[in-house]
Amino acid sequence: MISAHEWDAWCSELSGVGLAVMGVMHPTQLDDRLQRHVLDYAPEAMQAPQWWVIGHQGRKLWETICDAYQVTSLANATNEEHPIDMWVRRFLTERIRQRAWHAHVWTPDEAGEIGVAAPLQGIGRALGWRHTAPFQLSIEETWGTWFAYRAVICATSLAPWSEPKQQRNPCEACVSRPCESACPAGACAPSWRGDRCQSHRLACNSSCQHDCLARRACPVGSVHAYSREQMRDHSLPSLNVITELARSKPETR
Ligand code: SF4
Ligand code: SF4
């Protein structure tokens with residue numbers, strides 16, 4: 001068992017680079033569908049007695065990584081396809097090794113020790129980070145939508161357990177709903193229209209290619225909002241995915 005003192009030191013070390021432990025859970029806290037998915041694709045992760053879910057909050061992690069590469073944006077700073085995931089994996093693996101803890105780092109890409117992508121959104125929901133903004137990002141009261149899950153540490157060395165997060169949905173009390181009127185594609189209301197969002201992002205000179213005006217209009221946690229450069233780095237993977245999808249669609253005549 002990891003002592004409270006060791007655990008506090010670990011949490012402070014993570015916080016120093018912009019990471020945070022978002023929860024400590026058992027894999028059976030996942031809903032049945034996700035448990036079956038993990039059992040099928042990553043059975044060794046399901047066997048771990050404990051998962052530590054790691055995320056970033058606000059700008060600090062991105063600034064730390066830019067400093068490490070001595071750049072002002074991660075685009076073209078490295079040959080790696082997912083530089084943030086790679087940096088986080090290396091950092092966590094090294095720090096766990098230094099402590100001689102028994103734990104594997106599981107990240108949202110397929111390049112790590114477990115070899116399949118961790119379903120981080122579903123894992124976050126199991127921890128109680130379960131509310132979704134009209135533009136389809138997770139939202140919570142302090143950080144708004146300016147946070148993300150980065151990794152799960154499948155641990156045999158046991159840390160103090162955490163309770164699932166209980167919190168109200170900020171969108172339920174939001175009467176003016178500025179996010180909805182800020183979306184130039186009308187994708188957020190009256191219900192989510194992913195097709196409209198994707199078309200708008202792919203349009204020439206789109207204001208949403210590397211940003212989301214709806215997200216920026218939300219006042220919740222806005223003090224933690226990412227810079228334009230950070231947004232660009234975070235939005236590139238999803239832009240690449242929807243560009244590929246659009247290319248692979250058969251043309252209609
Ligand atoms: S602006 Fe209001 S409705 Fe939109 S995400 Fe923020 S809290 Fe939710
Ligand atoms: S990226 Fe643009 S189109 Fe998509 S939800 Fe955000 S504001 Fe709307």
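Annotations for the structure displayed:
- Options ASP195, ASP211: the member that is among the charged types (D, E, K, R) and surrounded by 15 or more Cβ atoms within 10 Å (Cβ to Cβ): ASP211
- Inter-residue pairs, beta-carbon under 7 Å, first without any contact (Cβ under 8 Å) to a residue 60 or more places away in the chain and in segment 54-73, second among the acidic types (Asp, Glu), 6+ apart: none
- Just one of the listed residues (ALA182, ALA189) is among the aliphatic types (A, V, I, L, M), in contact with an Asp or Glu (Cβ under 9 Å, 6 or more places away or on another chain) and outside the structural domain of ALA77 (by TED's automatic domain parsing), namely ALA189.
- Selection of segment 145-173 for residues being free of Cβ contacts under 8 Å to residues at least 40 places away in the same chain and either within 16 Å of ligand 1 (Cβ to nearest atom) or within 22 Å of HIS5 (Cα to Cα) (or both) yields GLU163, GLN167, ARG168, ASN169, GLU172, ALA173.
- Within segment 216-229, being farther than 21 Å from HIS200 by Cβ and of a type outside the set (Gly, Ala, Ser) holds for PRO219, VAL220, VAL223, HIS224, GLU229.
- Residue match in segment 45-59 (condition: surrounded by fewer than 17 Cβ atoms within 10 Å (Cβ to Cβ) and over 17 Å from the mean Cα position of the chain (by Cα)): yes
- Qualifying residue in segment 236-251 (condition: loosely packed, with under 14 Cβ neighbours inside 10 Å, charged (D, E, K, R), over 23 Å from the mean Cα position of the chain (by Cα) and assigned to a helix (DSSP H, G or I)): yes
- Some residue of segment 220-241 being farther than 17 Å from THR145 by Cα and touching a Gly at 6+ places or on another chain (Cβ under 7 Å): no
- Residues that are modelled with pLDDT of 95 or more and not hydroxyl-bearing (Ser, Thr, Tyr) number at least 3 in the following helices (runs of 4 or more DSSP H) confined to segment 1-115: 4-17, 60-69, 83-99.
The values are calculated or read from the model by the stated rules, or taken from the named source; none is laboratory data. No experiment lies behind these values; they were computed from the predicted model shown. FYI the Cβ positions are ideal-geometry reconstructions off the backbone, even for glycines, and counts take in every protein chain you see.
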